[in-house]
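After the structure tokens below, expect a handful of questions from me.
Please treat every number below as a calculation from the coordinates, not as lab data. Everything numeric here is computed off the predicted structure, so don't read it as measured data. With ideal geometry, Cβ positions are generated from the backbone for all residues, glycine too; neighbour counts draw on all protein chains shown.
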Amino acid sequence: MRLTVAVLWVIAGPVWALEEDSVSDLYDEHFPPLHSNCTQSLTDLLLLRQEVQLKELKQAEQVAAGILREMLDILTDIKGSLARNHTPTEVSCLGNFRNFGDTCLYLAKDIDITWEAARLFCQDLGGDLATFRDANAFAEALGYVKASGLAKTSNAWVGGHDHSLEGEWKWVSGEDMPRGTPFWGDYNYVREPAQGTAANCAFLHGPDGFLMHDAPCDWKVHPLCQVEPT
């Protein structure tokens with residue numbers, strides 16, 4: 001009986017907040033008196049519904065907690081794997097080579113040889129003539145050459161050619177060479193490479209800020225060599 005009164009108190013509470021002269025009418029309209037036989041059934045229904053809601057809430061909390069634990073375990077495993085696999089590496093270059101990104105460069109300022117001889121020279125050092133994977137690598141190489149003290153009237157061989165097909169420029173690695181700015185310079189206001197069939201090898205042209213030009217392969221030029229870091 002006390003529980004029934006409490007339930008009715010909760011239901012009727014908001015209604016009593018209305019104006020005093022309308023409370024009785026509104027309550028009778030929306031909440032007619034319960035039949036005596038229905039009182040116990042309503043109480044049982046409310047209790048059952050509350051029990052079900054509490055059970056569902058508890059189950060939802062258990063599921064959420066389980067998911068959070070699984071996510072934490074996964075993140076912990078990932079963190080541990082990254083820690084195991086992360087080993088700091090020190091890039092070093094042999095001999096006179098200097099490190100730039102993921103490669104090592106060496107400009108042999110004391111010799112002037114043909115393009116083919118320059119390739120052999122670099123290969124004897126464990127590498128080849130320099131190639132540039134992108135504009136950043138090219139800029140790093142230019143910075144190195146300019147800082148080396150090489151005269152602005154000098155040139156340096158790089159690993160580019162169009163031996164196989166005129167006008168189809170390739171790196172010695174077999175990859176296509178980039179064209180245009182910022183790699184190639186110009187000569188007499190004409191964009192390089194533009195020297196025709198007699199000029200099949202690429203070099204850094206000092207008088208044009210060491211941008212790339214094409215030249216006859218039998219010219220004697222300083223080799224710019226490249227090796228992979230150790």
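Take the stretch 193-213 and flag every residue that is over 25 Å from ASN136 (Cα atoms), of a type outside the set (A, V, I, L, M, F, W, C) and surrounded by 14 or more Cβ atoms within 10 Å (Cβ to Cβ).
GLN195
Please go through the stretch 143-171 and pick out each residue that is hydroxyl-bearing (Ser, Thr, Tyr), without any contact (Cβ under 8 Å) to a residue 60 or more places away in the chain and either touching a Ser or Thr at 6+ places or on another chain (Cβ under 9 Å) or assigned to a loop (DSSP other than H, G, I, E, B) (or both).
Selection gives SER148, THR153, SER164.
Look through the stretch 124-142, keep the residues that are outside any loop (DSSP other than H, G, I, E, B) and touching a strand residue (DSSP E or B) at 6+ places or on another chain (Cβ under 8 Å), and return whichever of them is farthest from PHE183 (Cα to Cα).
Filtering the stretch 124-142 for residues that are outside any loop (DSSP other than H, G, I, E, B) and touching a strand residue (DSSP E or B) at 6+ places or on another chain (Cβ under 8 Å), the one farthest from PHE183 (Cα to Cα) comes out as ASP128.
Starting from residues that are buried (at least 20 other Cβ atoms within 10 Å of the Cβ) and of a type in the set (Val, Ile, Thr), keep the ones in the stretch 214-230 and report whichever is nearest to PHE138 (Cα to Cα).
VAL227
Then there's this: Please determine, by comparing only the residues of the stretch 128-154 that are closer than 17 Å to CYS225 by Cβ and of a type in the set (A, V, I, L, M), which one is farthest from the chain's Cα centre (by Cα).
In this case the residue turns out to be LEU150.
Take the residues in the stretch 155-192 that are of a type in the set (S, T, N, Q) and either surrounded by 17 or more Cβ atoms within 10 Å (Cβ to Cβ) or under 29 Å from the mean Cα position of the chain (by Cα) (or both); name whichever of them is nearest to PRO216 (Cα to Cα).
Selected residue: ASN155.
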